[in-house]
Amino acid sequence: MKNLLRTLRSSTYVAIATAFVTSVFITSSVKVFAAASFEVDHQPDFGQLKGFKGSELCIVADNTQQYIAQNPDDEKAVHRGAVIGNNVSLERVNETLAFLCETYRSDVRAGRPSRLHDKAFVKANFDFVRWYPDKATATKIASSSTNEVKSRLLNNIPEQQLFLTKYYAKLLDGSSVQTATFDQALYQLPFDEKGLSKQAAELKKDQLTRYKYTRQEVIKGALLEDKLAKPLVWMTEEALHDVLLQGTGVLQVDGNTRYFNVHRNNGIAYDYHIGKREQARYWYFAEVPSILGYGQDLPNKIAIKPQVSLAGNVRQLGLGKLMLLNYKVRDNTTQSVNSEGINSEARLAILADEGGAFDNNLFQLDLLAGSYRGWQDYYAANKHLPDYADVWILLKKINK
């Protein structure tokens, strides 16, 4: 999984293969599907709820609800998620998010353990919709990919589980000035786009600097030479590629921690089939107070939290879906992943982020793991998380 530790992050790649997506919302026994499907599950089987904080789940729920309320015209993300089925409504999604926080806050006031970690409570208060993956699209992408690890992981998606990738904000070192070591910049939007809304900029795209240069041209100094954009911070070229891939950078600069988030890109799609250094897509950044998820533009992006935030196909699923992920984990007291030390574990998380990687992608979710220096730190903290998981979309029971 090392080559895919941040596979499919918000603002990353486009899954260019497409497939017909079949969506149903019926009660039936478990079946095998080649395309994505959603079914009511009256007897969900999942493990102990753990690995997340109710407080942070509530924060993401609140922030997502606020975005939905303030952006009713966002047709891409603010909708019920027709692909899931007719029993889902935007009102019910909002009620589900509100119920999460009502439950968490009530438990805090009562001084009792969070019921969001209680299997019986979750089963009693939510309807479960089982999500079966679109294996046809995953297989098609795998067949055309030159990355052996990626192809293997996509080909091995189980019939009834989703591909579960993880992403993190990389902790990096940077400099406020250019040096021999820190010789690449994260750039703010070019000067000729200052004050333009995203929509206004789109109308002038043929005239704007942002659309003129590839990643490779920017790295060679196209913006710096003519002073076309302001450098926000300086880093190594390797760090730059990482931040462009992940969409978020957490940098130690002159003794301070600073956060940077993607703002707008050069209009070139991410190519799923090539490596990060070969990508022509380039992102301009802005400095922000925390890690951010979905939003039409930077000022209204959703502030998200680790271990409770998911990136996925917002266009087809709709923002704010509460999901339960169930997977097998190894008991730390055992040495073999094939031993009886394999246990089932589950967590709740909210769809609050997206990315070009999820266009026509109904076989995968991406979990925000946290902030780490690199692979070793990330792996040490998250090695128990597998590559595949059972996934249910949860909706608060009606009149419950």
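The values are calculated or read from the model by the stated rules, or taken from the named source; none is laboratory data. Only a predicted model underlies this, so the values are computations on that prediction, with no experimental measurement involved. Here the Cβ positions follow ideal geometry from the backbone for every residue, glycine too, while neighbour counts run over all protein chains shown.
Just one of (1) among the polar types (S, T, N, Q); (2) in contact with a strand residue (DSSP E or B) (Cβ under 8 Å, 6 or more places away or on another chain); (3) surrounded by fewer than 22 Cβ atoms within 10 Å (Cβ to Cβ) trips up T248, so point out which. If we test T248 against (1) among the polar types (S, T, N, Q); (2) in contact with a strand residue (DSSP E or B) (Cβ under 8 Å, 6 or more places away or on another chain); (3) surrounded by fewer than 22 Cβ atoms within 10 Å (Cβ to Cβ), just (3) comes out false. When the test is whether a residue is at pLDDT below 95, touching a His at 6+ places or on another chain (Cβ under 7 Å) and hydroxyl-bearing (S, T, Y), T27 passes it. When A142, A185 are screened for being closer than 22 Å to I291 by Cβ and among the hydrophobic types (A, V, I, L, M, F, W, C), only A185 passes. When residues in the stretch 179-199 are screened for being surrounded by fewer than 14 Cβ atoms within 10 Å (Cβ to Cβ) and either of a type in the set (D, E) or modelled with pLDDT of 95 or more (or both), 4 of them pass. Being outside any loop (DSSP other than H, G, I, E, B) and surrounded by fewer than 20 Cβ atoms within 10 Å (Cβ to Cβ) is the filter here; which residues of the stretch 287-315 pass it? Across the stretch 287-315, the qualifying residues are E287, V288, L298, P299, N300, R315. Which members of the stretch 200-240 meet the condition of being outside any helix (DSSP H, G or I) and farther than 23 Å from V250 by Cα? Scanning the stretch 200-240 gives K204, L208, K212, Y213, T214, K220, G221, D226, K227, L228. Within the stretch 263-282, track down each residue that is buried (at least 20 other Cβ atoms within 10 Å of the Cβ) and closer than 23 Å to I302 by Cβ. Passing the criteria: H263, R264, Y270, R281. Kindly check whether there is at least one residue in the stretch 76-91 that is modelled with pLDDT of 95 or more, part of a helix (DSSP H, G or I) and within 21 Å of A352 (Cα to Cα). Looking through the stretch 76-91, at least one residue is modelled with pLDDT of 95 or more, part of a helix (DSSP H, G or I) and within 21 Å of A352 (Cα to Cα). Scan the stretch 157-199 for residues that are within 26 Å of P299 (Cα to Cα) and not in a loop (DSSP other than H, G, I, E, B) and the total you get is 19.
Only one of the listed residues (A69, A120, A136) is of a type outside the set (K, R) and under 30 Å from D297 (Cα atoms). That residue is A69.
Scanning the stretch 315-368 for residues that are hydroxyl-bearing (S, T, Y) and modelled with pLDDT of 95 or more turns up just one, Y327. Quick check: is even one residue across the stretch 85-106 surrounded by fewer than 16 Cβ atoms within 10 Å (Cβ to Cβ), more than 23 Å from the chain's Cα centre (by Cα), farther than 17 Å from D62 by Cα and free of Cβ contacts under 8 Å to residues at least 40 places away in the same chain? Taking every residue of the stretch 85-106 in turn, none turns out to be surrounded by fewer than 16 Cβ atoms within 10 Å (Cβ to Cβ), more than 23 Å from the chain's Cα centre (by Cα), farther than 17 Å from D62 by Cα and free of Cβ contacts under 8 Å to residues at least 40 places away in the same chain. From the list F38, F46, F33, F52, the one residue that fits, being closer than 30 Å to S144 by Cα, touching a strand residue (DSSP E or B) at 6+ places or on another chain (Cβ under 7 Å) and at pLDDT 95 or above, is F38. In the stretch 42-84, which residue that is within 19 Å of V108 (Cβ to Cβ) and aliphatic (A, V, I, L, M) is surrounded by the most Cβ atoms within 10 Å (Cβ to Cβ)? Taking the candidates together, the pick is V60.
A quick yes/no check of all residues on (1) among the small types (G, A, S); (2) more than 16 Å from the chain's Cα centre (by Cα); (3) farther than 17 Å from K321 by Cβ; (4) in a strand (DSSP E or B):
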position	(1), (2), (3), (4)
A357	yes, no, yes, no
L368	no, no, no, yes
Y379	no, yes, yes, no
W392	no, yes, no, yes
N399	no, yes, yes, no
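Taking each residue of the stretch 350-369 that is in contact (Cβ under 8 Å) with a residue 12 or more places away in the chain and of a type in the set (D, E) and looking for partners that are assigned to a helix (DSSP H, G or I) and buried (at least 24 other Cβ atoms within 10 Å of the Cβ) with beta-carbon atoms closer than 6 Å, six or more apart or interchain, yields E354/V314. May I ask you to verify whether L244 is in contact with a Phe, Trp or Tyr (Cβ under 6 Å, 6 or more places away or on another chain), in contact (Cβ under 8 Å) with a residue 24 or more places away in the chain and within 21 Å of D271 (Cα to Cα)? In short, yes.
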